[in-house]
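Scroll down for the structure; my scribbles are underneath it.
The values are calculated or read from the model by the stated rules, or taken from the named source; none is laboratory data. Here the structure is a predicted model, which means the values were calculated and not measured. Don't worry about glycine lacking a Cβ; one is built from the backbone with ideal geometry, like all the others, and counts go over all protein chains shown.
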Amino acid sequence: MSKKTLSITIDGKTHQAQPGQLVIDACQDAGSYVPFFCYHPRMTPVGMCRQCFVEIEGPRGPMMVVSCMTPVVEGQVVRTTTDGVKRAQQGVLELLLANHPLDCPVCDKGGECPLQDQAFSHGPGESRFVEEKRHFEKPIPISDLVYLDRERCILCDRCTRFADEVAGDPLITFVSRGSNTQVLTFPDEPFSSYFSGNTVQICPVGALTAKPYRFKARPWDLDQEESTCTTCSVGCRTVVQSSRDELVRYQGVDIDPVNWGWLCDKGRFNFESVNSAERLTTPLIKGESGLADSSWAVALDVAARMLRTALAIGPESVAIIGGARGTNEDAFAWAKLADVLGINQRDAQLADGLPPEIFSLPQATIDDINRAPTIILLAPDLKEELPVLYLRARHAAQKRTARIIEFTAHNSGLTPYAWRSIQTEGGKLAAVIRQVGTTTEISDQLSRGDVVVIVGRMNLAESPEFVVNALAEVLHLAPHARVLPALRRGNVRGAITAGLTPQSDAGGTADILAAAASGKIECLILLGSDPLADVPDADLARRGIAGARNIIAIDTFLTASSSQADVVLPAAAYGEKVGTTTNLEGRISNVAQKITPTGTSRPDWMIAAELSIAVGKDLGISSYADVHQMLIDSVPSFAPASDEKSVRHDGVLMHHPHPVSLARSDSSVADHNSFKHRLVVSRKLYDGAQGTVNSPSLVSLADDAGVYVHPLDRARIGVHNGVDVKVTSNRATLVLPLHESQDVMIGTAWIPFNQTGTDVRELLDLSEDVCDVRIEHI
Amino acid sequence: MNTEYSTPGQVPTGPRLITGRFDISDGYTYDGYVRTGGYVALRKALSSMTPKQVHDEVRAAEIQGRGGAGFMAGTKWGFLPADVHPRYLVVNGDESEPGTYKDRLLMELDPHQLIEGIVLASFAVNAAHAFLYVRGEMALAQERLAEAINDAYAHNMAGRNICGSQFSLDITLTWGAGAYIVGEETALIESLEGERGMPRLKPPYFPAVKGLYMQPTIVNNVETLANLPAIINDGGGAFKILGAPTSTGMRMFSVSGHVNRPGVFEVPNGVTTFRMLFEAPEYCGGVRNGGTVKAFIPGGVSAMWFFDEHLDMALDKPTVDKAGSMLGSGAIVAMDQTTDMVAACWRIVRFFARESCGKCTPCREGTTWLEQVLRRILDGQGRPQDIDLLFEISESISPGIAWPPLQTTICPLGPSAVSPIASAVRRFRNEFDHYIAHGRPIDGVDDVLHPEGSRVHV
Amino acid sequence: MSRLNDANITIAKEIIARFPRPKSAMIPLLHLAQEQDGHVSNKAMVHIGELLGVTPADVYGTASFYEMFKFEPIGKYCINICTNISCHLVGSWNLLHHAEDRLGVKAGGTTADGMFTLEDVECIAACTEAPAIQVNYRYRYQVTPANFDQLIDDLRSGRADEEIPPFGTLSRVRQRTSESWSNYGIEAQAIVDER
């Protein structure tokens, strides 16, 4: 695919530029720095700040052009430092600084501010402005996370362009005109975008500041390491920044294959949870008066004893749940420990995932979304679960590179951008796909080239089988389609690939909990997992946790589940440990340690290694290097990560040594009777997750629990919008406020998962394929 | 005062090609229009001409756009890429250049002539949809045009199969809401898309290629289109010989300021001189109170000013261009010897500062700063270095302060604010120095800003 | 202070249908809201956003660019005195100062009785009739202090009601969507816009 390069001359040197490239980028590549404010390589150039002037040889002599809106052409002669260019840049800077408040000493941006830097490098050196500067109230909150100081703003249109063009949330806009122009929200309608933090990062001055970082540090005091975000499985590239051994900020790093520099607010701001005072700092052992502080030596000894006792009964009386929150090395060390102890019951998914076989189907990459002409969504709402993947898919639709065909039970963040959005409930999914696949419209579209199928759990209240069958149907229609798994938990793919998945016909999390409930589990290891909060069957989780004889929990916080444990071992968190992680497309990249682990907490792999010694089955791991090397050597999928450099920056895709195919099979499910609603349960970005509830800036962003139905259904139920109703399943009755929503399909009820207040999981029963509820007024 | 033109008939005049119905009381109605020869050109074109033939007549007429830039309309149409549809005609009725007052009359007094021009132009460029964007403040023009478009549809002069031909055209009438910059064609397109009226950068956004909705778009001025019926009726050649070879046809000029009879005149383009306009009884009949012209603006306040040495120059585009200014929108403003040039300069700069859209830095910050400095001088707070400062700020907006202006800005609005400063300061430096030294105007000029002598700083 | 009423919703939909893309109806709909309420209320902007499929912020961003839209109630009559160059040269400042004295408000202000808002505006395209003013965008030419006073009296007494509708109403004639509306241009754009 290598296109011919164009030969141009920049500042007297010949340079090979890429076709379609802008002069500003070509200059950057050639080492001739052109200053700019409004240009951003991931957004449409607007040529507003007028700082990136260069001189280009034209048919009528040299002319000044803005390099951010001028494409390269063969033979172009570009000069970046002529007197005219310098004069223009000085002029722009003097004009920008005329009304800019010189409050740099108390500005978060001071020290890393493009305006400050360019005033120094390209500015006139003095101001002749003696008039009264513009004044605005400063700063004003424009959302829960972002403050705006309009006096500092240089009106570059970056934040507003980002909100409109990248995030699709045009909630901030230029208001008024001329020198009165300012960025604002609509009155009483805040900039509540999941991506608002990006505007702070790309603001070329200190006009936008983030509440979690304001006045926390000076840029020159920051230490930083490049890393990968593990909040969800997209795996956005970040820098992790600390000051005085405390995390203070994450910034997005622009890599082509994944996040293009963007982060979601949850991933950006949940560093607060790492610094939380609620973190576990020391091992705990259950005594007569509950959990009490202990030492590692004692706690490991107690844990080893529990494990030995259980193993003496048989390895089937031991089980491990979790592992998707750590690194590949963490997961591998625990899988290795399980191997040597013969523990087959292990599962990194919490009965909310999909069969691991989907990782062995022909795989698509995130980048394929922006290359393939067709994207099929058999996925939960990407905007809510995998926000930056949503940005990529939205970009594909907006730029018309792809058409999105969505199958969903309720409208998603991508519905407005979908070419076709087909509403259907899960049980009918395969049949619907079979049917629409016969239309010429769809079959023509599928034959236009590559097809990417994004597959995930669309509805936690129903069997994963429906999605798998639907996927088989799609792959039958479009055998050339490739699969992008949309499982949400940070390193779920790495953990499963490293071995934290049921072995030799052992059951997964649901079976483990069922076995525990019937007294068959002597020792249950919770590896950074909280079944009481996450397993979509509250009753089963409760019975399982209660029924397990002994529980060893490895965790960063005392959760609903770990507080039921007999031994709690404090784990090092993100930013406190080194390792590699795997994103949803199988990309392996490094995570960095930036700060000292909280208290006496240790990385999961180290805990596994120490426990192995304590139980007399030494894994032979004494350093991170050991466990990493062992992972590379023993799991073929990780072989591409053997070179230490390969996992930096872009990372490297794992191997898929044993491809499988899916058999088509019919899933049929009875229609619900007309007095009931079929329940749809799916996640929202902000929920009761530990990283969110322990981040003070994020905790209030989760909604209160509620049930959503179509307006016609609300009328049929006969209640007003917003009033409490009774929601009854075979399992339980809950009281929830009812909201009407056009986004919900008639005949279904949507309850977001894990929101504040009433717990929808009480309604759910993992042994049922679907969950039907009756909704009544009280 | 020169009295050469005191006798009627001594100055060149011509037919009232597009203002002929201004004196007919019902000229703005459908019946009045048809009775006076209206829609004949359209019937002729649709029944016996091809689009190319219509285009060829307009080319042959060599009519220059009457909006300000003076670009040849026939050439502009030729920039449309072949076979890209839909394509649009956008009619720029957002006349706002200070001193300019002609499109409003054409819309109020002869709306059907404009509509006929719109249909002819759309036929020539093969557009199926035209948008007529009228300035927001022109309520009467809006009413007259709405009535006229409704009548045109009712009489099959617009809509489906016009005059029984295969040609169909929809005309959407819409109007602005108060923003001078929307007169700039790309800003007008933005406004028409429901956006803030901020200009797009050319290149890459040349309307003929990427215009309304990023489709090929022709933006034409009202007066330009109003000439089309005459061009089609009489032929491009007949039109061409009405003016000078370099500025063809008749053209509307509005002459305001210190003349005895300000007015809007349709004059033979390129032939008449400024002096004739100011002095001839057919036109303005002399400077007020028998005074003299101290300075005049030849083509809207964006233009560089002219002085008495330019009075005998013909209103001919290439001649005026060469002399360092422009005819622009045909707005001529005369200032007599009593004019306070500092105040006049400030008033024009204030206009640009208020009307800057705010999109690009040099214009947004520069015009505002210029206005503040001038206001300070007028308020008696001027400093000697302010004159250099005015030029330095101007330089940051328009490098070289030359004509035609170079610009660091996206559109020509910013450099337009430099014209009055360059003109006034260079010619009347003494008046600025006097303000700076004494806090008041020189003797003998009218202190219009402080008519009651209420000056704070003396 | 309200959303568009039913009659105006009907008009709004007709306007939207005359453009290839709904958002193009933004300014006409803002005028419609201003005609209904005398200013553009927040509720109207929310409603317009719904009708056009854009956010209220988007509506506000566009609306606030244009000077004719008022976001707070103003006088029944908005008196715009042009002070741009042609009027400046022949006494507009004198007229403005007179108007300020007569009405007891500075430019930009509204009289206590809510009758008049006075504005110092840029060129209104009546340069040869200077000094020129507009009342609710209806012209008065060559205005002297004396005939300004007469105008105020006429407006107060209702003698000018027929010619000058209350602020917010521009054209009293609307374009009708004719039976022979072809819609070809709009259909062609729809094909291009199909994702």
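Quick look at the numbers
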quantity: Single residue of segment A:157-173 satisfying the filter (more than 7 Å from chain C (Cβ to nearest Cβ) and among the hydrophobic types (A, V, I, L, M, F, W, C)) that is nearest to A:Y147 (Cα to Cα); calculated: A:C159
quantity: Segment B:391-414, residues that are in a helix (DSSP H, G or I), free of Cβ contacts under 8 Å to residues at least 60 places away in the same chain and either buried (at least 24 other Cβ atoms within 10 Å of the Cβ) or polar (S, T, N, Q) (or both); calculated: B:I393, B:S394, B:S396, B:I397
quantity: Every residue from segment B:415-444 that is at pLDDT below 95 and among the β-branched types (V, I, T); calculated: none
quantity: Every residue from segment A:77-103 that is outside any helix (DSSP H, G or I) and either touching a helix residue (DSSP H, G or I) at 6+ places or on another chain (Cβ under 6 Å) or surrounded by 21 or more Cβ atoms within 10 Å (Cβ to Cβ) (or both); calculated: A:V78, A:T80, A:N99, A:H100
quantity: Criterion violated by A:L184 - all others in (1) under 25 Å from A:T692 (Cα atoms); (2) within 14 Å of chain C (Cβ to nearest Cβ); (3) among the aliphatic types (A, V, I, L, M) satisfied; calculated: (1)
quantity: Options A:S192, A:S176; residue that is surrounded by fewer than 19 Cβ atoms within 10 Å (Cβ to Cβ), without any contact (Cβ under 8 Å) to a residue 24 or more places away in the chain and within 14 Å of another protein chain (Cβ to nearest Cβ); calculated: A:S176
quantity: Segments classed as strands (runs of 3 or more DSSP E), wholly inside segment A:416-516, with at least 2 members that are touching a Lys or Arg at 6+ places or on another chain (Cβ under 8 Å); calculated: A:451-455
quantity: Residue check for B:H55: over 27 Å from C:A132 (Cα atoms) and either more than 8 Å from chain C (Cβ to nearest Cβ) or part of a helix (DSSP H, G or I) (or both); calculated: yes
quantity: Hits in segment A:125-143 (condition: more than 35 Å from the chain's Cα centre (by Cα) and surrounded by 17 or more Cβ atoms within 10 Å (Cβ to Cβ)); calculated: A:F129, A:R134
quantity: Complete set of residues in segment B:180-205 that are at the interface with another protein chain (Cβ under 7 Å from one of its Cβ atoms), charged (D, E, K, R) and crowded, with 24+ Cβ neighbours inside 10 Å; calculated: B:R196
quantity: Residue that is farthest from the chain's Cα centre (by Cα), among those in segment B:209-235 that are within 18 Å of B:L89 (Cα to Cα) and surrounded by fewer than 18 Cβ atoms within 10 Å (Cβ to Cβ); calculated: B:M214
quantity: Looking only at segment B:236-282, and only at residues there that are of a type in the set (S, T, Y) and surrounded by 23 or more Cβ atoms within 10 Å (Cβ to Cβ), the one that is nearest to the chain's Cα centre (by Cα); calculated: B:S254
quantity: Total residues in segment A:113-128, condition at pLDDT 95 or above and either hydroxyl-bearing (S, T, Y) or in a loop (DSSP other than H, G, I, E, B) (or both); calculated: 1
quantity: Residue list for segment C:130-152, filter: among the hydrophobic types (A, V, I, L, M, F, W, C) and at the interface with another protein chain (Cβ under 8 Å from one of its Cβ atoms); calculated: C:A130
quantity: Hey, A:R161 charged (D, E, K, R), crowded, with 20+ Cβ neighbours inside 10 Å and within 20 Å of A:R392 (Cβ to Cβ) or not; calculated: yes
quantity: Failed item in (1) among the polar types (S, T, N, Q); (2) under 23 Å from C:N5 (Cα atoms); (3) not in a helix (DSSP H, G or I), with C:N80 passing the rest; calculated: (2)
quantity: Residues (part of a helix (DSSP H, G or I), out of contact with any helix residue (DSSP H, G or I) (no Cβ under 9 Å at 6 or more places or on another chain) and surrounded by 20 or more Cβ atoms within 10 Å (Cβ to Cβ)) located in segment A:380-415; calculated: A:E385
quantity: Residue in segment C:161-174 that is surrounded by the most Cβ atoms within 10 Å (Cβ to Cβ), counting only those that are within 14 Å of another protein chain (Cβ to nearest Cβ) and modelled with pLDDT under 95; calculated: C:E163
quantity: From the options A:F53, A:F37, residue that is aromatic (F, W, Y), in contact with a strand residue (DSSP E or B) (Cβ under 7 Å, 6 or more places away or on another chain) and within 14 Å of chain B (Cβ to nearest Cβ); calculated: A:F53
quantity: Qualifying residue in segment A:686-704 (condition: aliphatic (A, V, I, L, M), more than 13 Å from A:F753 (Cβ to Cβ) and part of a strand (DSSP E or B)); calculated: no
quantity: Every pair of residues 6+ apart whose Cβ atoms lie under 6 Å, when the first sits in segment B:358-375 and is more than 8 Å from chain A (Cβ to nearest Cβ) while the second is β-branched (V, I, T); calculated: B:C363/B:T409; B:L370/B:V349; B:L370/B:I393; B:E371/B:V349; B:L374/B:V349
quantity: Qualifying residue in segment C:175-191 (condition: within 19 Å of C:K106 (Cα to Cα) and within 14 Å of chain B (Cβ to nearest Cβ)); calculated: no
quantity: Matching entry among B:A177, B:A127, B:A146 (being aliphatic (A, V, I, L, M), over 27 Å from A:R177 (Cα atoms), within 8 Å of chain C (Cβ to nearest Cβ) and outside any helix (DSSP H, G or I)); calculated: B:A127
quantity: Scan of segment C:38-71 for residues that are part of a loop (DSSP other than H, G, I, E, B) and aromatic (F, W, Y), ordered by number; calculated: C:F65, C:Y66, C:F69, C:F71
quantity: Filter result for A:T509 (within 28 Å of A:I751 (Cα to Cα), buried (at least 24 other Cβ atoms within 10 Å of the Cβ), touching a strand residue (DSSP E or B) at 6+ places or on another chain (Cβ under 8 Å) and among the hydroxyl-bearing types (S, T, Y)); calculated: yes
quantity: Matching residues in segment A:365-402 - criterion: being within 14 Å of chain C (Cβ to nearest Cβ) and farther than 19 Å from A:A470 by Cα; calculated: A:P373, A:A393, A:R394, A:H395, A:A396, A:A397, A:Q398, A:K399, A:R400, A:T401, A:A402
quantity: Strands (runs of 3 or more DSSP E) contained entirely in segment A:537-619, each with at least 3 residues that are of a type outside the set (D, E, K, R) and more than 24 Å from the chain's Cα centre (by Cα); calculated: A:550-555, A:567-570
quantity: Where C:T110 falls short, out of the listed (1) out of contact with any Ser or Thr (no Cβ under 7 Å at 6 or more places or on another chain); (2) more than 11 Å from every other protein chain (Cβ to nearest Cβ); (3) of a type in the set (S, T, N, Q); calculated: (1)
quantity: Failed item, numbered, when B:V342 is tested on (1) closer than 24 Å to B:P441 by Cα; (2) not in a helix (DSSP H, G or I); calculated: (2)
